[in-house]
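First the structure, in the form of structure tokens, and then the observations on it.
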Amino acid sequence: MTINQAAALLHQGGLVAFPTETVYGLGADASNEAALRKIFAAKERPLDHPLIVHISDVLQLNQWARDVPPAAMKLAQAFWPGPLTIILKKQPSVLPIVTAGQDTVGLRIPNHPIALALLTAFGGGVAAPSANKFTHISPTTAAAVQAELGGEVDLILDGGNCTVGLESTIIDLSREQPVLLRPGMITREAIESVLGEPVLLQQDRAVIAPGMHEKHYAPTTRTQLVSPVVLADFLHSNECNEPIAILALSPLGYLPPPIKVVQMPTDAAAYAKMLYRTLRELDNEHYSRLLIEAVPCSKEWAAIRDRIQKASQ
Ligand code: TXA
Ligand code: MG
């Protein structure tokens with residue numbers, strides 16, 4: 001029943017926050033300009049940031065995108081439903097507010113039963129950015145959406161904790177060669193192995209790229225990224241009478257207050273799932289600083305490295 005109510009709200013031009021496997025989205029009918037304007041108002045997001053259109057079936061792709069290359073179908077088959085957004089040339093009918101006036105549109109089939117049920121009941125495309133205020137940390141629980149945007153959404157669908165915990169990988173297939181616009185838990189290497197060709201990294205591109213120019217994914221508490229060596233030195237020095245929270249990978253053992261240690265998982269997927277929820281909880285506890293211990297340099301950690309770098313800029 002709630003899913004039908006949520007779909008009806010979308011048809012009426014309302015805003016529905018819903019869970020996906022990555023983070024919660026703030027959804028509106030992607031073909032209703034007035035509804036889309038409400039997304040930007042609620043998030044306090046500038047209009048030059050395009051929105052991702054969520055669909056439930058790959059057959060809907062051609063309603064939004066044109067000249068869909070075989071590479072897109074390969075990636076859709078390998079990774080959808082899942083945490084991958086594909087940027088393609090847009091159909092002329094796609095509203096400029098969705099694409100920030102660009103000739104491309106981002107599309108994704110999310111892998112979450114509630115998201116898929118909502119998209120199926122609604123029948124069309126749902127534009128959904130992460131359900132947070134502009135530049136804040138993306139929400140990975142319904143309570144986090146309530147705290148960020150509770151007064152501004154018509155309905156929040158509660159799907160518990162997001163299982164991936166970081167925003168989708170974004171790959172641009174609208175150019176001559178594939179370009180990775182945002183790293184995610186589907187790695188560049190996994191995409192290259194499906195495509196059988198190299199994926200370029202974003203460099204000096206004219207398009208608006210997520211998180212490239214302003215502070216993104218950021219806690220309000222001052223946050224610093226520290227190497228294991230710097231962290232160990234800091235803890236052995238006698239300067240620890242400030243309330244500091246540490247996201248640690250090295251086993252630090254017990255440290256007395258005012259220091260709080262959150263021992264993070266050493267598995268990348270488990271770490272990603274916990275990261276935003278942990279940052280949000282620590283942010284609410286008002287430490288003077290958050291220290292995040294640097295994570296491994298291997299490919300599984302690339303998206304996490306990206307987000308913790310941005311959190312500590
Ligand atoms: O995991 C996700 O992708 C989540 C869930 C809700 O699906 N959504 C999400 O949306 O992270 P958002 O709006 O917070 O981030 C999407 C990013 C934006 O920063 C935007 O700049 C970029 O995708 N984007 C969207 N359409 C684009 C396009 N046509 N060209 C280049 N970048 C685009
Ligand atoms: Mg976002």
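Please treat every number below as a calculation from the coordinates, not as lab data. Just so we're clear, the structure is a prediction, and the values are computed from it rather than from any experiment. Neighbour counts are summed over all protein chains in view; Cβ atoms, including those assigned to glycine, are modelled from backbone coordinates with ideal geometry.
Out of the stretch 16-47, which residues are in a loop (DSSP other than H, G, I, E, B), of a type in the set (A, V, I, L, M, F, W, C) and farther than 16 Å from K133 by Cβ? Outline the logic, then answer.
Of the stretch 16-47, the ones in a loop (DSSP other than H, G, I, E, B) are 19-24, 30-32, 44-47.
Within this subset, residues satisfying the condition of being of a type in the set (A, V, I, L, M, F, W, C) are 23, 30, 47.
Scanning the stretch 16-47 gives a single hit, A30.
Looking at the stretch 10-28, is at least one residue touching a residue at least 12 places away in the same chain (Cβ under 8 Å), surrounded by fewer than 18 Cβ atoms within 10 Å (Cβ to Cβ), within 15 Å of ligand 2 (Cβ to nearest atom) and not β-branched (V, I, T)?
Taking the stretch 10-28 as the starting set, the residues that turn out to be touching a residue at least 12 places away in the same chain (Cβ under 8 Å) are 10-11, 13-28.
Going one step further and asking which of them are surrounded by fewer than 18 Cβ atoms within 10 Å (Cβ to Cβ), we end up with 11, 13.
In the following step, the residues that additionally are within 15 Å of ligand 2 (Cβ to nearest atom) were identified as none.
Within the stretch 10-28 (the criterion being touching a residue at least 12 places away in the same chain (Cβ under 8 Å), surrounded by fewer than 18 Cβ atoms within 10 Å (Cβ to Cβ), within 15 Å of ligand 2 (Cβ to nearest atom) and not β-branched (V, I, T)), the answer is no, since none of the residues qualifies.
Going through the stretch 174-192 one residue at a time, which ones are more than 11 Å from ligand 1 (Cβ to nearest atom), crowded, with 17+ Cβ neighbours inside 10 Å and assigned to a loop (DSSP other than H, G, I, E, B)?
Hits for the stretch 174-192 are P178, P183, T187.
Let me spell it out: the conditions are (1) among the hydrophobic types (A, V, I, L, M, F, W, C); (2) surrounded by fewer than 19 Cβ atoms within 10 Å (Cβ to Cβ); (3) free of Cβ contacts under 8 Å to residues at least 60 places away in the same chain; (4) farther than 24 Å from T2 by Cα, and A34 meets all of them except one. Which number is the exception?
The failed condition is (4).
Limited to the stretch 91-122, what total is found for residues that are on the phi > 0 side of the Ramachandran plot and surrounded by fewer than 15 Cβ atoms within 10 Å (Cβ to Cβ)? Reasoning before the result, please.
Step one: filter the stretch 91-122 for residues on the phi > 0 side of the Ramachandran plot, giving 100-101.
Retained after the next criterion (residues that are surrounded by fewer than 15 Cβ atoms within 10 Å (Cβ to Cβ)): 101.
Going through the stretch 91-122 one residue at a time, the tally reaches 1.
With a cut-off of at least 1 residues that are under 17 Å from V199 (Cβ atoms) and within 16 Å of ligand 2 (Cβ to nearest atom), name the strands (runs of 3 or more DSSP E) lying wholly within the stretch 48-115. First the steps, then the outcome.
Details: elements: 52-54, 84-89, 104-108.
Output list reads 84-89, 104-108.
Kindly indicate the residue of the stretch 145-162 that is of a type outside the set (D, E, K, R) and touching a helix residue (DSSP H, G or I) at 6+ places or on another chain (Cβ under 6 Å) and also nearest to ligand 2 (Cβ to nearest atom) among those meeting that condition. So that I can check it myself, show each step before the final result.
Keep residues of the stretch 145-162 that are of a type outside the set (D, E, K, R), which gives 145-147, 149-151, 153, 155-157, 159-162.
Subsequent filtering for residues that are touching a helix residue (DSSP H, G or I) at 6+ places or on another chain (Cβ under 6 Å) retains 149, 155-157, 159.
Numbers: L149: 12, L155: 20, I156: 17, L157: 18, G159: 18 Å.
In this case the residue turns out to be L149.
Can you tell me which residues in the stretch 87-96 are more than 10 Å from ligand 1 (Cβ to nearest atom) and either in contact with a strand residue (DSSP E or B) (Cβ under 6 Å, 6 or more places away or on another chain) or within 20 Å of L119 (Cβ to Cβ) (or both)? Explain how you work it out, then say what you get.
First, pick out the residues of the stretch 87-96 that are more than 10 Å from ligand 1 (Cβ to nearest atom): 91-93, 95-96.
If the condition is that a residue be more than 10 Å from ligand 1 (Cβ to nearest atom) and either in contact with a strand residue (DSSP E or B) (Cβ under 6 Å, 6 or more places away or on another chain) or within 20 Å of L119 (Cβ to Cβ) (or both), then Q91, S93, L95 are the ones that fit.
I'm trying to understand the selection: among the residues of the stretch 38-47, which are under 23 Å from F122 (Cβ atoms) and within 14 Å of ligand 2 (Cβ to nearest atom)? Lay out the reasoning, then the answer.
Applying the first criterion (under 23 Å from F122 (Cβ atoms)) to the stretch 38-47 yields 38-43, 45.
Result: I39, F40, A42, K43, R45.
Please work out which residue is farthest from A117 (Cα to Cα), limiting yourself to the stretch 1-19 and to residues that are of a type in the set (V, I, T) and out of contact with any Gly (no Cβ under 8 Å at 6 or more places or on another chain).
We begin by selecting, within the stretch 1-19, every residue of a type in the set (V, I, T); these are 2-3, 16.
Among the residues that remain, those that are also out of contact with any Gly (no Cβ under 8 Å at 6 or more places or on another chain) are: 2-3.
Numbers: T2: 10, I3: 7 Å.
Step by step, filter the stretch 1-19, then rank; the result is T2.
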